[in-house]
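These notes are about the structure you will find just below.
The values are calculated or read from the model by the stated rules, or taken from the named source; none is laboratory data. Here the structure is a predicted model, which means the values were calculated and not measured. So basically every Cβ, Gly included, is an ideal-geometry build from the backbone, and we count neighbours across all protein chains shown.
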Amino acid sequence: MRCGKSIYSAIICIFAGDPTELPVGMKIVTRKVSDIYMKEKKSFKSEGTPEKKSKRRELPVGLIAVAVVLAVTLTIMVVAYQRQKSEMFEMEQMLTNERDSLEQELRLMVFAYDTLMTDNDSLNAKLQKEQEYIERLLAINASNVETIRAYRAEIGTMRNIMKSYIVQIDSLNMRNQMLTAENVEIRTQIQQVSRTNVELERQREDLSAKVEVASVVYARNVIVTGLNQRRRETDRINRLARVQVCFTLRENPIAEAGEKRVYLRIIRPDGLVITDSPGNTFQVDGEDMVFSASRAVDYENRDLDVCIFVENRGDFIEGVLTAELYLDGVLIGNTEFSLR
């Protein structure tokens with residue numbers, strides 16, 4: 001027979017002789033009551049005399065009194081047992097709810113750590129370490145008050161640690177934003193400086209070209225005269241002894257003063273340059289050019305009259321010839337003359 005959970009069920013269990021379903025303390029009381037009841041029952045059956053029968057009638061009254069006292073005691077114990085069992089059930093339910101709450105908080109913290117990843121490798125390593133620690137806590141089954149209380153305190157500590165990491169990450173993000181803004185500003189400044197440098201370089205090149213052009217010493221009044229052996233003018237090939245090219249180097253205050261060499265090129269109608277030797281060359285824009293004659297002059301930034309002579313060694317031919325003058329690799333003057 002299985003006893004119910006009510007007080008009356010427990011009392012019925014006592015008199016039914018099935019105390020196995022009761023608590024330990026109640027089992028002891030039940031055994032006592034059962035023993036007294038069985039002893040009195042045997043005594044009652046063994047007596048047959050009138051006196052014994054008279055006593056036998058009085059015995060159930062004492063037995064009932066003992067049974068009542070024991071029943072009251074048993075009732076109190078059953079009530080205490082039911083209350084203790086209810087409290088234990090409530091405690092177990094509370095522990096289960098608390099454990100579930102802790103697990104939920106831990107899982108939320110794991111998720112929160114996932115969102116805290118940054119570009120800082122050192123900080124990421126610390127975040128990963130804290131996340132692994134939380135996952136280890138999740139793997140442990142908290143089954144008693146002390147463990148749950150310790151976990152609750154641990155979660156508080158981990159929350160504080162997470163707050164410090166959030167502050168660090170916010171600080172790093174703010175610094176990164178500031179650095180990004182500074183980098184953008186610096187790049188803008190660099191681009192502006194670069195554009196300014198390009199413009200200044202262009203202006204410098206333009207100015208340099210202008211200065212270079214302005215510093216050229218040009219020749220004016222270029223006159224070519226054919227001379228015979230008596231140094232009289234002639235334009236006939238058969239009487240030509242030499243050619244005289246006279247000109248004036250113009251005044252130029254910004255030109256570099258000092259010794260300079262002027263090169264003369266006399267070009268025949270067929271395009272050949274009259275020269276004493278193929279080795280007579282000078283450079284113009286990096287290229288070698290043949291010259292007919294040259295002369296060194298001492299230029300002092302003032303007008304300077306110069307004449308250059310070219311001997312006739314049979315290289316002159318009839319037609320229109322060209323005379324070109326070069327100084328510092330620049331064509332400074334030219335003219336044409338005819339021979340017949």
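Suppose we keep only residues that are surrounded by 10 or more Cβ atoms within 10 Å (Cβ to Cβ) and of a type in the set (S, T, Y) within the range 268-305. Which one would you say is nearest to E324 (Cα to Cα)?
Only one residue fits best here, namely S292.
Among the strands (runs of 3 or more DSSP E) contained in the range 233-340, which hold 2 or more residues that are in contact with a strand residue (DSSP E or B) (Cβ under 9 Å, 6 or more places away or on another chain) and of a type in the set (S, T, Y)?
Where strands (runs of 3 or more DSSP E) fall fully within the range 233-340 and carry at least 2 residues being in contact with a strand residue (DSSP E or B) (Cβ under 9 Å, 6 or more places away or on another chain) and of a type in the set (S, T, Y), they are 293-299, 319-327, 330-339.
Output the residues belonging to the range 313-327 that are surrounded by fewer than 16 Cβ atoms within 10 Å (Cβ to Cβ) and either outside the structural domain of R236 (by TED's automatic domain parsing) or of a type outside the set (V, I, T) (or both).
R313, G314, D315, E318, G319
Could you tell me whether any residue of the range 204-216 is outside any helix (DSSP H, G or I), surrounded by 12 or more Cβ atoms within 10 Å (Cβ to Cβ) and of a type outside the set (K, R)?
yes
Could you tell me which residue of the range 283-316 is nearest to N334 (Cα to Cα), considering only residues that are within 60 Å of the chain's Cα centre (by Cα) and modelled with pLDDT of 90 or more?
Selected residue: V284.
In the list I237, I254, which residue meets the criterion of being among the hydrophobic types (A, V, I, L, M, F, W, C) and surrounded by 11 or more Cβ atoms within 10 Å (Cβ to Cβ)?
When all the criteria are applied, what remains is I237.
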